[in-house]
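**Q** For reference, the structure I am asking about is given below.
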Amino acid sequence: MIPDCNDSDVTPEMQVLSINIFGEPASKANSRRVVRYGGMSRLIKSKKALSYSDVFLQQCPTLPTLMDGDLEVTLHIYYASRRPDLDESLILDLMQGRIYLNDRQVKVRHAYWHLDPDNPRSLITIRQIPEIAPKKKPRVSRAKGEETA
């Protein structure tokens, strides 16, 4: 059952976002199927992964300004049964271009498996953190005093 409202919250000055996504996520590791297309075999997302992607994208906001820098993501994933493996990778992929530019920005991740047969969902918190691996500083040419790549 999906509630009438999503009580997600954005705090731009703190670079923190909390969202609740209702529905049971598919495991990315187990969400591929082989299909024949034009005489070639291809791997595509399973029906469950495609269905969850649609459900996720309907509920996930697109921020007007994507979060930047290094990020920490905490996920509490509530599954409908004990069967699924804990796998947050599809969720991280689906937030690309909506919450942050690329999931490579996620430098710290906490994922927790929970059971709730009546209300499978994902509670997600994304937080900007201090830069873990600072970008390279431009080199300065000693002869000219100019920056080089």
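**Q** Would you list Ser81, Ser51 from fewest to most Cβ contacts within 10 Å?
**A** With the fewest neighbours first, Ser81, Ser51 line up as Ser81, Ser51.
**Q** Here's a follow-up. Hey, fewest Cβ within 10 Å first, where do Met95, Met67 land in order?
**A** Met67, Met95
**Q** Can you tell me which of 113-121, 96-104 comes out highest on packing, and rank the rest after it, using the mean Cβ neighbours within 10 Å?
**A** Top of the packing list down: 96-104, 113-121.
**Q** Full extension from Thr62 to Asn119: what is 0.36 nm times the residue separation minus their Cα-Cα distance, to one decimal in nm?
**A** 18.1 nm
**Q** Taking the beta-carbon count within 10 Å as an exposure proxy, list Phe22, Phe56 from fewest neighbours to most.
**A** Ascending number of Cβ neighbours within 10 Å: Phe22, Phe56.
**Q** Between His76 and Asp54, what is 0.36 nm times their sequence separation minus the Cα-Cα distance? Round to one decimal in nm.
**A** Gain on stretching His76 to Asp54: 5.9 nm.
**Q** Measure off 7 Å from each Cα along the Cα-to-Cβ vector at Leu86 and Lys47, then give the distance between these two points in nanometres to one decimal.
**A** With each label placed 7 Å out from Cα toward Cβ, I get 3.0 nm.
**Q** Compute the distance in nm between two label points, each set 7 Å from the Cα along the Cα-to-Cβ direction, one at Ala111 and one at Lys136.
**A** According to this spin-label approximation, the distance is 3.2 nm.
We did not get these values from a lab; they are worked out from the coordinates using the rules stated. What you are looking at is a predicted structure, and each value in this text was computed from that prediction instead of being measured. Cβ atoms come from the backbone with ideal geometry, glycine included; neighbour counts cover every protein chain shown.
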